[in-house]
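Peer 1: Here it is, the structure, as structure tokens.
The values are calculated or read from the model by the stated rules, or taken from the named source; none is laboratory data. Fair warning: this is a prediction, and the values are worked out from it, not measured in the lab. Here the Cβ is made from the backbone with ideal geometry for all residues, glycine too, and neighbour counts use every protein chain on show. We work out accessible area using only protein heavy atoms, side chains counted, and drop any ligands, DNA or RNA first. Shrake-Rupley method; radii C 1.70, N 1.55, O 1.52, S 1.80 Å.
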Amino acid sequence: MRVVATVQEMLDTRSNVAGSSKVGLVPTMGYLHEGHLSLVRLGRAENDVLIASIFVNPTQFGPHEDLERYPRDLPRDLHMLEAAGVDVVFTPSADEIYPPGFVTYAEPTGPLASEGESAHRPGHFRGVATVVLKLFQIVQPHRAYFGQKDAQQVVVISRMISDFNLPVALGILPTIREADGLAISSRNAYLSAEDRKVATVLYQALQAGRRAFDAKAGDGTAAVVRAMVETVTQESRAQLDYAEVRDPQSFVLLEALQAPALLVIAAKVGPTRLIDNFLLRADGSWETGVLASELKWVEEERDR
Ligand code: PAF
């Protein structure tokens, strides 16, 4: 596995594999977990050359957010990526991606830019869209892989691909969950033992929302939102940011119980902010995530 840290080296490495029929990219901020590994596994299976990036992107963090303390463990990440069969890892510094004089950003508009996560993290998706566009330009992947866990990010990136006519196919994989339903996330490392137990409240709220959705109460998505809000309110250590039902393509709020739909939730558990979602597909089936214990390869990977 090659590890390259500069944009020039990455461009050179990419042109050396220009003849490869398919190049896949798994963009990450490191501190890898089973969610990332599920992307790497599919990327490995679907491409001739698989490239992963590790970059804690400063422009997607607000001024009072956790950029400095975001968990990092490069040796462990490289070990995991090598074991999973990645060919190249791109690990640029912030100066490589944002050199002096950098002034141009990619930015969504409309509800994606002002609602949901954006209402609580202004500018977050401007940072995400910009870095992902840069990674696409530098790595030139045929396919790129992201987790459904960051549902609004998936909408932002798929809109950007379409709006800018980018020649990249998206692979979106289900959220991977702990045995009690908590969505696996690098930020779960912040949870105290007590908060870790409480953190399942997001999953429980989504389950309550899904039951209300399936029960098709008379007042449309209001009953779904009520079910989610009531579940979180019962937990004194959890503070709800939002619980909403949105269109997974446009991200507009939905009032009618229709498919497809996205149940999104964000809450603080103690000091840690967590997000999660369930997706109701157009065919009426739910995408609620996969328990890590159901993935045979997790145990194999841990034993390595
Ligand atoms: O999902 C993430 O880890 C990040 O937002 C991404 C897509 C790597 C961009 O920094």
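Peer 1: Specify which of the listed residues (L39, L67, L32, L25) is within 13 Å of the ligand (Cβ to nearest atom) and free of Cβ contacts under 8 Å to residues at least 12 places away in the same chain. Working first, answer last.
Peer 2: Working: L39 fails: free of Cβ contacts under 8 Å to residues at least 12 places away in the same chain; L32 fails: free of Cβ contacts under 8 Å to residues at least 12 places away in the same chain; L25 fails: free of Cβ contacts under 8 Å to residues at least 12 places away in the same chain.
Of the residues listed, the single one that is within 13 Å of the ligand (Cβ to nearest atom) and free of Cβ contacts under 8 Å to residues at least 12 places away in the same chain is L67.
Peer 1: Step by step: first the residues of the range 14-25, then only those that are out of contact with any Ser or Thr (no Cβ under 8 Å at 6 or more places or on another chain) and surrounded by 18 or more Cβ atoms within 10 Å (Cβ to Cβ), then the one that is nearest to A94 (Cα to Cα). Which residue is that?
Peer 2: Per the criteria, the residue is R14.
Peer 1: Hey, can you tell me all the residues within the range 39-60 that are surrounded by fewer than 24 Cβ atoms within 10 Å (Cβ to Cβ) and among the hydroxyl-bearing types (S, T, Y)?
Peer 2: Hit for the range 39-60 is T59, nothing else.
Peer 1: So R72 passes all but one of these: (1) more than 14 Å from the ligand (Cβ to nearest atom); (2) surrounded by fewer than 18 Cβ atoms within 10 Å (Cβ to Cβ). Which condition number does it fail?
Peer 2: (1)
Peer 1: Also, I was wondering about something else. Which condition breaks for A144 when tested against (1) assigned to a helix (DSSP H, G or I); (2) open to solvent by less than 10 Å² (accessible area, probe 1.4 Å); (3) within 13 Å of the ligand (Cβ to nearest atom)?
Peer 2: It fails just one condition, (1).
Peer 1: Could you tell me which numbered condition L78 fails, if it satisfies all but one of (1) closer than 20 Å to F146 by Cα; (2) within 16 Å of the ligand (Cβ to nearest atom)?
Peer 2: If we test L78 against (1) closer than 20 Å to F146 by Cα; (2) within 16 Å of the ligand (Cβ to nearest atom), just (2) comes out false.
Peer 1: Evaluate the range 188-202: report whether one residue or more is among the charged types (D, E, K, R), outside any loop (DSSP other than H, G, I, E, B), within 17 Å of E287 (Cα to Cα) and open to solvent by 10 Å² or more (accessible area, probe 1.4 Å).
Peer 2: No, the range 188-202 has no match at all.
Peer 1: Further question on the same structure: Would you check which residues across the range 89-101 are over 21 Å from the mean Cα position of the chain (by Cα) and either aromatic (F, W, Y) or open to solvent by less than 10 Å² (accessible area, probe 1.4 Å) (or both) and list them?
Peer 2: Hit for the range 89-101 is Y98, nothing else.
Peer 1: The conditions are (1) open to solvent by 20 Å² or more (accessible area, probe 1.4 Å); (2) touching a Leu at 6+ places or on another chain (Cβ under 9 Å), and S114 fails exactly one of them. Which is it?
Peer 2: (2)
Peer 1: Right, next: Just one of (1) within 12 Å of the ligand (Cβ to nearest atom); (2) charged (D, E, K, R); (3) open to solvent by 20 Å² or more (accessible area, probe 1.4 Å) trips up D163, so point out which.
Peer 2: Every condition holds for D163 apart from (1).
Peer 1: R121 passes all but one of (1) more than 12 Å from the ligand (Cβ to nearest atom); (2) under 18 Å from V56 (Cβ atoms); which number fails?
Peer 2: Here R121 meets the rest and fails (1).
Peer 1: Here are some residues: T28, T104. Which one is out of contact with any Phe, Trp or Tyr (no Cβ under 6 Å at 6 or more places or on another chain), open to solvent by less than 60 Å² (accessible area, probe 1.4 Å) and modelled with pLDDT of 95 or more?
Peer 2: Working: T104 fails: open to solvent by less than 60 Å² (accessible area, probe 1.4 Å).
Sole residue among the options that is out of contact with any Phe, Trp or Tyr (no Cβ under 6 Å at 6 or more places or on another chain), open to solvent by less than 60 Å² (accessible area, probe 1.4 Å) and modelled with pLDDT of 95 or more: T28.
Peer 1: Still on this structure: Considering only residues that are among the hydroxyl-bearing types (S, T, Y) and more than 18 Å from G110 (Cβ to Cβ), which ones fall in the range 236-268?
Peer 2: Residue satisfying the conditions is S236 alone.
Peer 1: Within the bounds of the range 281-299, is there any residue that is at pLDDT 95 or above, open to solvent by 50 Å² or more (accessible area, probe 1.4 Å) and either of a type in the set (V, I, T) or over 15 Å from V155 (Cα atoms) (or both)?
Peer 2: Yes: one or more hits.
Residue-wise test of (1) among the hydrophobic types (A, V, I, L, M, F, W, C); (2) surrounded by fewer than 16 Cβ atoms within 10 Å (Cβ to Cβ); (3) within 17 Å of A212 (Cα to Cα).
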site: V224; (1), (2), (3): yes, no, yes
site: E230; (1), (2), (3): no, yes, yes
site: A238; (1), (2), (3): yes, no, no
site: A243; (1), (2), (3): yes, no, yes
site: F251; (1), (2), (3): yes, no, no
site: V264; (1), (2), (3): yes, no, yes
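Peer 1: Taking the criterion of being in contact (Cβ under 8 Å) with a residue 60 or more places away in the chain, surrounded by fewer than 19 Cβ atoms within 10 Å (Cβ to Cβ), aliphatic (A, V, I, L, M) and in a loop (DSSP other than H, G, I, E, B), would at least one residue in the range 173-183 satisfy it?
Peer 2: yes
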